[in-house]
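Report on the following structure.
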Amino acid sequence: MAEFFKVLNRLKLGVNFGTLVGHSTIRRAMIGEDFRDLTVPELVNFKKLIRDSMNEGAFGLSTGLGYAHSKQVPYSEIKELVSVVAEQNGVYATHLRNDKEGLLASVAETVKVALETGAKTIINHFKPIIGFENDYRKAVEYIHNISSSVNIHFDNYPFDESVVPVYTLLPGWAQIGNLEIMASYINNIDTRERLIQELGYLNGDNVRIAQAISRDYLLGKTLTEFAANQELSVSEALLKLMNLTNLRATVFYRNINLDFLIQNLERDQVLIASNGASLPDNAKVLKHERFYNTFPKFLEIVTRKKMLSLPQAIQKITSVPAKKFGLKNRGLVAEDHIADLNLISFQSGVMKIEHVFVNGQHAVKDGQLTGVYAGGVLKKS
């Protein structure tokens, strides 16, 4: 981590940058693409790497338990690693193992590790998947009721689409293993037929191709359009897309009940996070609105619906997360605090960012970049 920060400090940064330690990043560096439990010495080394990284400035640990490389990671491993985060007063952020039929169990697992370790915890992009709203409601109430015993939040973005690797559309049984193993399920006669049947529920209009490496002509097409062009069913077309892109495509998937999500935005446990990439203008990928308009959109929604006052809404994206991550002298407009400021105008109900100050320097003026690169590396105190 220290070496990484040393490189970053030599660059001009437009924004402030801080990072968590990636669980899968370290795990795959240690054991490659194997899917197995760690040995005792490996776990000891893993904990040392987390401790060293946090001493060098990382804010905590993140896990992606819903993705292929971490789906089978045992609870005991997560608890051991998160205990180090708690010792260092860091933050544990996690993508749930399952946000559909296993939602309640996944939330219970996350709360359990928070209770047993004492780590400050965030559930990332915690969203109500269409068809599972009832379980989502129960999970939100559970988090609300337990919040007096544990420091736990979850973050949202106010949009109805997920941005996901295309392989995550496969049924759970076909997401076990690496991409090569998943490809074998697609190309095996028996498992292929099973996949075509089980994917028959998909509405191709709700899946839009956002990135298709070496197949840029597919960008922006819905799965319905691709299927019609190929004279295939939607499920057959999805498998062909996976084959054409070696399962490395990214799609926008309209699977979130936005009205249901908005109903919960005023809860104290909710934070707002963009959950998107920063991309160059010439990137061969569709840029989802959540990449660049999450915070104005959130502020517009909650103020228009009178769910929160503007100060209450702004707290969710400034002082509350700053306190959670231990960012000293940030997150408030106050004397002796660092001036990271946005000046926003309201025009016909639409919010527009007019001015931005980064570390006290004028980075955006009248909606235009000034050429000032005032960002820096933020480290855990």
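The values are calculated or read from the model by the stated rules, or taken from the named source; none is laboratory data. Computed from a prediction, not measured in an experiment: that's the story for all the values here. Glycine gets a Cβ as well: all are built from the backbone with ideal geometry, and neighbour counts include every protein chain shown. We work out accessible area using only protein heavy atoms, side chains counted, and drop any ligands, DNA or RNA first. Shrake-Rupley method; radii C 1.70, N 1.55, O 1.52, S 1.80 Å.
For region 225-265, the candidate set comprises residues that are among the charged types (D, E, K, R) and over 17 Å from the mean Cα position of the chain (by Cα); within that set, the residue that is farthest from Phe132 (Cα to Cα) is Glu231.
Taking region 64-95 on its own, how many of its residues are closer than 14 Å to Ala114 by Cα, open to solvent by less than 10 Å² (accessible area, probe 1.4 Å) and not in a helix (DSSP H, G or I)? Summing the residues that are closer than 14 Å to Ala114 by Cα, open to solvent by less than 10 Å² (accessible area, probe 1.4 Å) and not in a helix (DSSP H, G or I) in region 64-95 gives 5. For Leu103, the stated conditions hold: it is surrounded by 20 or more Cβ atoms within 10 Å (Cβ to Cβ), touching a strand residue (DSSP E or B) at 6+ places or on another chain (Cβ under 9 Å) and more than 28 Å from Gly32 (Cα to Cα). Filtering region 191-224 to residues that are in a loop (DSSP other than H, G, I, E, B) and touching a residue at least 24 places away in the same chain (Cβ under 8 Å) leaves Leu202, Asn203, Ala212, Ile213, Ser214, Arg215, Leu219, Gly220.
Does region 107-118 contain at least one residue that is surrounded by 15 or more Cβ atoms within 10 Å (Cβ to Cβ) and under 17 Å from the mean Cα position of the chain (by Cα)? For region 107-118, residues surrounded by 15 or more Cβ atoms within 10 Å (Cβ to Cβ) and under 17 Å from the mean Cα position of the chain (by Cα): present. No other residue among Asn359, Asn282 is out of contact with any Cys (no Cβ under 9 Å at 6 or more places or on another chain) and on the phi > 0 side of the Ramachandran plot apart from Asn359. If we keep just the residues of region 13-57 that are free of Cβ contacts under 8 Å to residues at least 40 places away in the same chain and small (Gly, Ala, Ser), which is most open to solvent (accessible area, probe 1.4 Å)? Checked region 13-57; the qualifying residue most open to solvent (accessible area, probe 1.4 Å) is Ala29. Scanning region 119-146 for residues that are part of a helix (DSSP H, G or I), open to solvent by 40 Å² or more (accessible area, probe 1.4 Å) and of a type in the set (Phe, Trp, Tyr) yields a total of 1. Would you pick out the residues in region 163-182 that are surrounded by fewer than 17 Cβ atoms within 10 Å (Cβ to Cβ), aliphatic (A, V, I, L, M) and either over 30 Å from Thr294 (Cβ atoms) or at pLDDT 95 or above (or both)? Ile176, Ile181 - these are the residues of region 163-182 that are surrounded by fewer than 17 Cβ atoms within 10 Å (Cβ to Cβ), aliphatic (A, V, I, L, M) and either over 30 Å from Thr294 (Cβ atoms) or at pLDDT 95 or above (or both).
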